[in-house]
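Have a look at the structure below before the remarks.
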Amino acid sequence: MPGPSLQWDLFCRVIDNHGDLGVCWRLARRLAALGQRVRLWVDDASALAWMAPQGAAGVETMPWRDPTAPERPGDVVVEAFGCDPPAGFVEAMAAADPAPVWINLEYLSAERAAERNHGLPSPQLHGPGAGLCKWFFYPGFSPATGGLLREEGLASDRDRFEPVAWLAGLGIDALPHARRISLFCYEQAALAATLARWRQASTQLLVTPGFAARQVAGVLGVGGAPGTVARQDALRVHFLPWLTQDDYDRLLWSCDLNLVRGEDSLVRALWAARPFVWQLYPQCDGAHGPKLEAFLDDHLAGAPTDLALSLGAVFRHWNGLAAPPAAEPAPGPWQAWSREREARLATALSARGDLGSQLYRYALSKR
């Protein structure tokens, strides 16, 4: 991108899953690809050992702490998801002249509040940052938000990809007449019944480590160690190792259906242009229900009526918000819609830029 190379400080807290770090690492890598210099301050970077073992040029990983004497805040400070940088760092921001641009990168949502709040200021009247202004930046699907993360050349890489060879590299033989499904989920009450249904038709299930592997192993009564394979009736289950972010993308490109969870994998499933079902982070107050409905309103806009009704039922059931649907959507129309939806999103981003480039331009406008 034309414009100056800025020093960015990106702060991330790992709460109870790796999704926050996944989003932050993709953002850091994207900013670096745009010629920026990024320090990623994180309280638990252990997952980067498998998520991004090669690191990324232009990205430096820092431990979560107050800055040492030689360290100064950069041109832009981004706190991911309201994580509040260390007080000593904020004090250094307030003392800097000029002060850095301070941005709170919010969670991805299709709710209208994201459009209303995108770009709003939050003057800091008290505390270590008194006198500074924090700006809200919302990812989103509409032109009134900051867009979605997407790398240059992603679609061409996906379309050139050879899934059979990649799966063979993991020791997995791609069965020619089996439907391939990837599973990445939180605790999932619908899993047992779903596995029983998959046992009735030729299916290869590729299971990610963690919640998904433990639950599948428990339901089927098998070991779930990475690299193991379990067979029950027409279902063949492959328990995967931890995958890098790039290989997780390749997993999605290899499958006919992707079951994904959280924010980062939702965006990757959209770019995969394959049928998917999204499980939101479940919240005890039910806030994930309205968030899902807002997403479905956006995602299914323009879809054939029968497909929209069928997909809505599947998404609600997978999120524990409705009874099981009478039937799964027909694969052909579902695949066609997935490609159409991805193409529309990609076209919109080509006009206004992905989240990384929009964030860069936004930071420049506030300096």
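The values are calculated or read from the model by the stated rules, or taken from the named source; none is laboratory data. Just so it is clear, the model here is predicted, and its values are computed rather than measured. Note: ideal-geometry Cβ built from the backbone for every residue, glycine included; neighbour counts use all protein chains shown.
List of remarks:
- Residues within the range 93-131 that are assigned to a loop (DSSP other than H, G, I, E, B), surrounded by 13 or more Cβ atoms within 10 Å (Cβ to Cβ) and in contact (Cβ under 8 Å) with a residue 40 or more places away in the chain, tallied: 8
- In this structure, R250 does satisfy being in contact (Cβ under 8 Å) with a residue 12 or more places away in the chain, part of a helix (DSSP H, G or I), crowded, with 20+ Cβ neighbours inside 10 Å and in contact with a Pro (Cβ under 9 Å, 6 or more places away or on another chain).
- Failed item, numbered, when D173 is tested on (1) in a loop (DSSP other than H, G, I, E, B); (2) farther than 30 Å from A230 by Cβ; (3) out of contact with any Gly (no Cβ under 8 Å at 6 or more places or on another chain): (2)
- The listed residue being within 24 Å of A322 (Cα to Cα), small (G, A, S) and over 19 Å from the mean Cα position of the chain (by Cα), out of A217, A192: A192
- Options P85, P70; residue that is modelled with pLDDT of 95 or more and in a loop (DSSP other than H, G, I, E, B): P85
- Remark: pairs (first residue in the range 255-268, closer than 16 Å to V314 by Cβ and among the aliphatic types (A, V, I, L, M); second residue part of a strand (DSSP E or B) and modelled with pLDDT of 95 or more; Cβ separation under 6 Å; 6+ apart in sequence or on different chains) = L257/I181; L259/L183; L259/V277; V260/F276; V260/W278; L266/V260; L266/W278.
- Residues satisfying the criterion are absent from the range 49-62 (criterion: touching an Asp or Glu at 6+ places or on another chain (Cβ under 6 Å) and within 26 Å of A130 (Cβ to Cβ)).
- Selection from the range 176-217 of residues that are touching an Asp or Glu at 6+ places or on another chain (Cβ under 6 Å) and in a strand (DSSP E or B): R179, R180
Residue-by-condition table, conditions (1) over 23 Å from L355 (Cα atoms); (2) part of a loop (DSSP other than H, G, I, E, B); (3) in contact with a helix residue (DSSP H, G or I) (Cβ under 9 Å, 6 or more places away or on another chain); (4) without any contact (Cβ under 8 Å) to a residue 40 or more places away in the chain:
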| site | (1), (2), (3), (4) |
| --- | --- |
| L10 | no, no, yes, no |
| V14 | no, yes, yes, yes |
| A49 | yes, no, no, yes |
| A56 | no, yes, yes, yes |
| T61 | no, no, yes, yes |
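- Residue match in the range 97-114 (condition: of a type outside the set (A, V, I, L, M, F, W, C) and touching a Ser or Thr at 6+ places or on another chain (Cβ under 6 Å)): no
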